[in-house]
Amino acid sequence: MSKKDIPAEIARLEDARKALDDAKSTYNARVKSGEKAVKNAQKAHDKAVENARRRLQDENAKYASPIAQFDSASLFRDHLDYQGLAISLEPGLTAEVVGTANQYATGYGAGATGVLEGAAHRDSAAKPALMKKVLRVTTAADSIDLDIAEGRDKQAQDFARKLLAAAHAAPQVVEQHRNNVAVLKHALQEAIENTHSIDQAKAALDADRKATGPIQMMQLQLQQVREQTPQDILKSYDHHKTKKKILSWLIAIVAIAVVSAVAVLWIISQLRH
């Protein structure tokens with residue numbers, strides 16, 4: 001039956017119902033879009049927080065990692081670690097390769113020693129000279145000797161130069177690290193507290209959910225059309241709509257049953273093989 005053959009009363013009912021369906025569809029789409037906007041704002045916020053946290057972690061990890069190593073000694077930006085012992089770095093630190101008995105000492109820094117003399121020379125005539133060398137690191141409060149394996153003099157001297165450079169720069173490096181951490185912690189806190197976009201998206205979504213005026217208006221209009229429609233036509237229309245809905249359900253049920261039966265038959269055939 002073409003649209004022009006449909007009774008005017010039925011056509012008005014169909015138009016009113018379609019207007020209501022369109023209003024509901026528009027409302028649902030707007031709410032769904034608002035929910036997506038909230039999720040996107042939350043994701044953006046979480047990403048900003050994660051990035052800020054990662055920058056802070058990277059700064060701490062970089063500061064805590066060794067900048068040079070010599071055998072079992074590790075040089076950090078603010079201290080030297082050797083077999084569980086630690087010496088804080090400071091500009092007055094000295095580092096020198098010191099030889100025992102008649103061995104020489106090569107100095108780096110104000111505390112460098114020269115060739116050992118005196119009793120060591122006198123003793124050398126009575127017993128073989130000891131050949132052990134150490135890298136002696138000294139501060140105003142501490143002193144530590146790093147053993148140097150045979151043939152590792154050059155590496156020890158290179159390490160001593162790095163150690164002295166790190167000690168000289170330590171106050172500025174430590175201060176810079178503290179400043180960096182303070183700035184990054186502040187940035188992280190700001191990122192955590194900055195929920196403006198989320199709040200805006202939630203407010204917009206709340207407004208969209210409350211904006212049911214068009215639906216209510218279309219519902220009222222449909223109700224008015226139904227009240228103006230003769231009862232016999234209205235009953236016929238409702239009966240037709242009910243049959244159509246039941247038919248749609250039956251088609252869906254049959255389709256599901258057919259698919260299930262095909263799946264069962266396929267499984268049985270596979271088991272037989």
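Each reported figure results from applying straightforward, stated rules to the coordinates on display, with no laboratory input. Worth saying up front: this structure is predicted, and the values here are computed from it rather than measured. Glycine also receives a Cβ, built like all others from the backbone with ideal geometry; neighbour counts cover every protein chain displayed.
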Check: Between residue 71 and residue 21, what length in nm is gained on full extension when 0.36 nm per residue of separation is reduced by their alpha carbon distance?
Finding: 10.2 nm
Next item on the list: Assuming R0 = 22 Å, can you tell me the calculated FRET efficiency for the pair residue 90 and residue 145, based on Cβ-Cβ distance, to the nearest 0.05?
Entry: 0.75
Item checked: Extended-chain gain in nm, criterion 0.36 nm per residue less alpha-carbon gap, residue 162 and residue 226 -> 13.9 nm
Check: Between residue 272 and residue 29, what length comes free when the chain is fully extended (0.36 nm per residue of separation minus the Cα-Cα distance, one decimal in nm)?
Finding: 82.6 nm
Margin query: List the pairs from 36/62; 62/154; 210/235; 36/235; 43/210; 32/241 whose alpha-carbon separation is above 31 Å, in the order I gave them.
Written below: 36/62; 210/235; 36/235
